[in-house]
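The values are calculated or read from the model by the stated rules, or taken from the named source; none is laboratory data. Predicted, not measured: the structure shown is a model, and the values here were computed from it. Cβ coordinates were reconstructed from backbone atoms using ideal geometry, including for glycine residues, and neighbour counts include every protein chain displayed. All accessible areas refer to the heavy atoms of the entire protein, side chains included, with ligands and DNA or RNA removed. Shrake-Rupley method; radii C 1.70, N 1.55, O 1.52, S 1.80 Å.
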Amino acid sequence: VTATTTENITYRTDLAGVDWGALKAALAADRFDNGRTADQLCRSFENSRLTVLAESDGRVVGTARALSDGVCSACVVDVWTQARYRRRGIARRMMELLLGRLPGQHVYLFTDDSVGFYEKLGFREQPVGLGMVVGRWLQESA
Ligand SMILES: CC(C)(COP(=O)(O)OP(=O)(O)OC[C@H]1O[C@@H](n2cnc3c(N)ncnc32)[C@H](O)[C@@H]1OP(=O)(O)O)[C@@H](O)C(=O)NCCC(=O)NCCS
């Protein structure tokens, strides 16, 4: 567990006591809800190798998480800072906390419109990205 505080924002790497319904509502208000139920949101974070939450007054205002094999490959997803907290270094700090725990690994991610943000952290566009949804989005079994 890591907990550090800057400018009234606390960063932590555990998930104790998170109000997943409140987080889903905050994501929806920012149009960053991708359809997971509160329970699916919870499980996707719990099943991630690394997570970082940024909190203000006990509310989650930023998230980032990484899937990783712990050796060579990782994938960063759900990087989000609540709209009114943007542009004060919160996502940069969350990414630093994740990347600091992925030494030696190739980190992949996808973004539509935040390329400049990731380039500032050292990411570079790579030539081809391929992906598919297996079956129907968020439908876990037939
Ligand atoms: C992208 C996002 C996570 C950035 O969060 P943030 O907390 O505002 O980012 P920071 O304040 O830590 O920004 C770090 C640096 O990136 C820059 N930056 C931030 N957002 C940027 C963007 N969309 N495009 C280009 N540069 C950006 C900042 O100016 C800052 O630069 P500096 O260090 O030179 O001052 C946030 O805008 C967000 O949640 N967007 C919607 C969700 C999203 O698109 N997430 C990425 C999906 S993969």
Using the crude model of +1 on Lys and Arg Cβ and -1 on Asp and Glu Cβ, and no other charge, please compute the dipole size for the chain relative to its Cα centre, in debye to 20. 240
Mind ranking 11-20, 48-57 by how tightly packed they are, going by the mean number of other C-beta atoms within 10 angstrom, highest first? 48-57, 11-20
Using R₀ = 30 Å, calculate the FRET efficiency as 1/(1 + (r/R₀)^6) where r is the Cβ-Cβ separation of Ala83 and Leu130; round to 0.05. 0.45
If I compute solvent accessible area with a 1.4 Å probe over the protein chains, what percent of it on segment 73-142 is carbon and sulfur? 51
Expressed as a whole-number percentage, the relative contact order of the chain with C-alpha contacts under 8 angstrom and at least six residues apart is 18
Contour minus Cα-Cα distance for Gln139 and Glu46 (0.36 nm per residue): 31.7 nm
Chain lengthening between His106 and Ala28 when straightened (0.36 nm per residue, less Cα-Cα): 25.0 nm
Provide the per-residue ³J(HN,Hα) series for segment 97-113, in order, calculated from phi with Karplus coefficients 6.51, -1.76, 1.60 and θ = phi - 60°, each as a whole number of Hz, with x at glycine and proline positions. 5, 6, 5, x, 9, 10, x, x, 9, 7, 9, 10, 7, 10, 8, 8, 10
Sum up the charges of everything whose Cβ sits under 14 Å from the Cβ of Gly116, counting Lys and Arg as +1 and Asp and Glu as -1, but leave Gly116 out. +1
Would you mind working out the magnitude of the charge dipole of segment 1-70 relative to its Cα centre, with +1 at each Lys and Arg C-beta and -1 at each Asp and Glu C-beta, to the nearest 20 Debye? 180
Assuming a ≥ b ≥ c are the square roots of the Cα gyration tensor eigenvalues, decide whether the chain counts as rounded (a/c under 1.5), prolate (otherwise, with a/b larger than b/c) or oblate. rounded
Hey, if you put +1 on the Cβ of every Lys and Arg and -1 on every Asp and Glu Cβ in the chain, which of His106, Val79, Thr10 ends up farthest toward the positive end of that dipole? Thr10
Magnitude of the charge dipole, segment 36-113, Cβ model with Lys/Arg +1 and Asp/Glu -1, debye to 20: 280
